[in-house]
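Take a look at the structure below.
The values are calculated or read from the model by the stated rules, or taken from the named source; none is laboratory data. Keep in mind that what you see is a predicted model, and the values were worked out from it rather than measured. Counting neighbours? That spans all protein chains shown, and the Cβs are built from the backbone with ideal geometry, glycine included. Ligands, DNA and RNA are excluded from the accessible area calculation, which covers all protein heavy atoms including side chains. Shrake-Rupley method; radii C 1.70, N 1.55, O 1.52, S 1.80 Å.
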Amino acid sequence: MKFVPLSQSGRPLEYRPEDFRLRSEPSLPGKWEGEVRAPSNIALVKYWGKKGLQVPMNPSLSFILRDAVTFTSATAERIPPADEVRFTLRFEGRPAPAFEPKIHTFFRRILPYSPWIRRYRWEIHSRNNFPHSAGIASSASAFAALALLVVQLEKEATAGQSDEYWRAKASFLARLGSGSASRSITDRIGIWGKHPAVPGSSDFYAVEFPFGTHPAFDDLRDLVLLLQEGRKAVSSTAGHQLMEAHPYREARIRQANTHLARLIDALRTGNWDEFGTVTEAEALSLHALMMASDPSFILMNPDTLKWIEKIRRFRRRHDLPVYFTLDAGANLHVIFPARIEDDLRRRMPDLFDVPHLLSRL
Ligand code: DP6
């Protein structure tokens, strides 16, 4: 299913936050069990900076990491309504108190839209099929999965809404847990944030890329080089705050909007050069913004720079489409079409000697 909400006249429909409030009392079961899965995603146009409650400063675009998935199951048992949402969490089989504050915040933020969640005690079990500390966005898949669970129960207990509505609500709720999680509720290419070139786009939830993509981008790989040891020096939440008074804030907003338009064209026309130019410019701009923040952060390490150089040199020498992107950390995402994987393995074998994670995009 292509997820672009359409009105009855066939025009793209944009939900407002109010549309996600309950219209009628759901008929809630006494006990409920559910299980969902949600993938992580990698942004090519980066979300960096917010205004208000999880509203992005600029639109972003990401690909789903199809092989980096969170599996979450829950048992919900009716209780008299509590002030706070009651839950226990086990992550990979063990209690995970470190994750609890963010989940409490998530539940608190989604209460106005799904107030019935206070009427259950939730027992949540979650696991990832990728190492948690690998520096790939586990909060994106984790909050997307939690939002899907809530929406699944609400959907079963409510009549009369479309699949598009539930997808949009799941993305809307996921966003309140972690902004990038909104884009994990899409099939492949997610766009979150209003942009004039994207019909139906919204600051409040992500939509699926509403255009055809050129076959050149049909089968992509992301080789995530795990170059980072330990925790990042800055959390993305703290990083977003640095954009509030950033000297380059306005220029960044313009740049992200332009980059998104250029990337959309590249994806539609099969222009690898343009795809790569924009993707790398985004990654380096994100890091440049952090370097120029107050306080300033350098999140790349010498290995990141070494591999950036090697990839650029390799690309020039062999004229093959291999590009990189970065998140707010030192790990390098190497992106290329599946058809050149063998070439890469043969001609740059040390690339695959680095501890890594390989995912389909
Ligand atoms: C650099 O979604 O982790 O990965 O909304 O505060 O949870 P919060 O931030 P988060 O930020 C992700 C930043 C990024 C770029 C991106 O994924 O778009």
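For the range 48-57, check the following and say yes or no: at least one residue is part of a strand (DSSP E or B), open to solvent by less than 10 Å² (accessible area, probe 1.4 Å) and small (Gly, Ala, Ser).
Start the filter on the range 48-57 by keeping residues that are part of a strand (DSSP E or B), which leaves 50-51, 55-56.
Going one step further and asking which of them are open to solvent by less than 10 Å² (accessible area, probe 1.4 Å), we end up with 56.
Checking the rest, the ones that are also small (Gly, Ala, Ser) come to none.
Checking the range 48-57: not a single residue is part of a strand (DSSP E or B), open to solvent by less than 10 Å² (accessible area, probe 1.4 Å) and small (Gly, Ala, Ser).
Pull up the range 215-248, narrow it to residues that are in a helix (DSSP H, G or I) and away from the ligand (no atom under 16 Å from the Cβ), then point me to the one that is surrounded by the fewest Cβ atoms within 10 Å (Cβ to Cβ). Working first, answer last.
As a first pass, look at the range 215-248 and keep what is in a helix (DSSP H, G or I): 215-217, 236-242.
Those left that are additionally away from the ligand (no atom under 16 Å from the Cβ): 215-217.
Working: 215: 8, 216: 17, 217: 20.
Applying the filter and picking the extreme gives 215.
What's the total number of residues in the range 79-115 that are open to solvent by less than 50 Å² (accessible area, probe 1.4 Å), assigned to a strand (DSSP E or B) and out of contact with any Ser or Thr (no Cβ under 6 Å at 6 or more places or on another chain)?
2
Which number in (1) more than 16 Å from the ligand (Cβ to nearest atom); (2) at pLDDT 95 or above; (3) open to solvent by 10 Å² or more (accessible area, probe 1.4 Å) marks the one condition that residue 153 misses?
(3)
Could you tell me which numbered condition residue 60 fails, if it satisfies all but one of (1) closer than 24 Å to residue 359 by Cα; (2) away from the ligand (no atom under 16 Å from the Cβ); (3) at pLDDT 95 or above?
Residue 60 satisfies all of (1) closer than 24 Å to residue 359 by Cα; (2) away from the ligand (no atom under 16 Å from the Cβ); (3) at pLDDT 95 or above except (2).
Could you count how many residues in the range 188-203 are away from the ligand (no atom under 13 Å from the Cβ) and over 12 Å from the mean Cα position of the chain (by Cα)?
9
Pairs only if they're at least six apart or on different chains, beta carbon under 9 angstrom, first in the range 90-112 and over 16 Å from residue 179 (Cβ atoms), second among the acidic types (Asp, Glu); list them, first residue then second.
90/123; 104/84; 107/84; 108/84
Report whether or not residue 252 is more than 16 Å from the ligand (Cβ to nearest atom) and either at pLDDT 95 or above or surrounded by 13 or more Cβ atoms within 10 Å (Cβ to Cβ) (or both).
no
Show me the strands (runs of 3 or more DSSP E) entirely contained within the range 277-361 in which 2 or more residues are touching a helix residue (DSSP H, G or I) at 6+ places or on another chain (Cβ under 6 Å).
323-326
Please find, among 180, 171, 202, the residue that is buried (at least 22 other Cβ atoms within 10 Å of the Cβ) and either aromatic (Phe, Trp, Tyr) or assigned to a loop (DSSP other than H, G, I, E, B) (or both).
Only one candidate passes the filter, namely 202.
Condition check: part of a helix (DSSP H, G or I), touching a helix residue (DSSP H, G or I) at 6+ places or on another chain (Cβ under 8 Å) and either more than 14 Å from residue 74 (Cα to Cα) or not assigned by TED's automatic domain parsing to the domain that holds residue 168 (or both). Does residue 118 satisfy that?
Answer is no for this residue.
When only residues in the range 277-333 that are of a type in the set (Asp, Glu) and within 13 Å of the ligand (Cβ to nearest atom) count, which is least open to solvent (accessible area, probe 1.4 Å)?
282
Report yes if some residue within the range 127-140 is open to solvent by 70 Å² or more (accessible area, probe 1.4 Å), in contact with a Ser or Thr (Cβ under 6 Å, 6 or more places away or on another chain), closer than 16 Å to residue 72 by Cα and more than 16 Å from the ligand (Cβ to nearest atom); otherwise report no.
no
Tell me the residue from 143, 204 that is hydrophobic (A, V, I, L, M, F, W, C) and under 17 Å from residue 14 (Cα atoms), please.
Selected residue: 204, the only one of 143, 204 that is hydrophobic (A, V, I, L, M, F, W, C) and under 17 Å from residue 14 (Cα atoms).
Quick check on residue 353: is it surrounded by fewer than 16 Cβ atoms within 10 Å (Cβ to Cβ), acidic (Asp, Glu) and at pLDDT below 95?
Here the answer is no, as residue 353 does not meet what is asked.
Within the range 316-348, can you find the residues that are in contact with a Gly (Cβ under 7 Å, 6 or more places away or on another chain) and of a type in the set (Ser, Thr, Tyr)?
Of everything in the range 316-348, just one residue is in contact with a Gly (Cβ under 7 Å, 6 or more places away or on another chain) and of a type in the set (Ser, Thr, Tyr), namely 323.
Can you confirm whether residue 76 is of a type in the set (A, V, I, L, M), buried (at least 19 other Cβ atoms within 10 Å of the Cβ) and within 25 Å of residue 165 (Cβ to Cβ)?
yes
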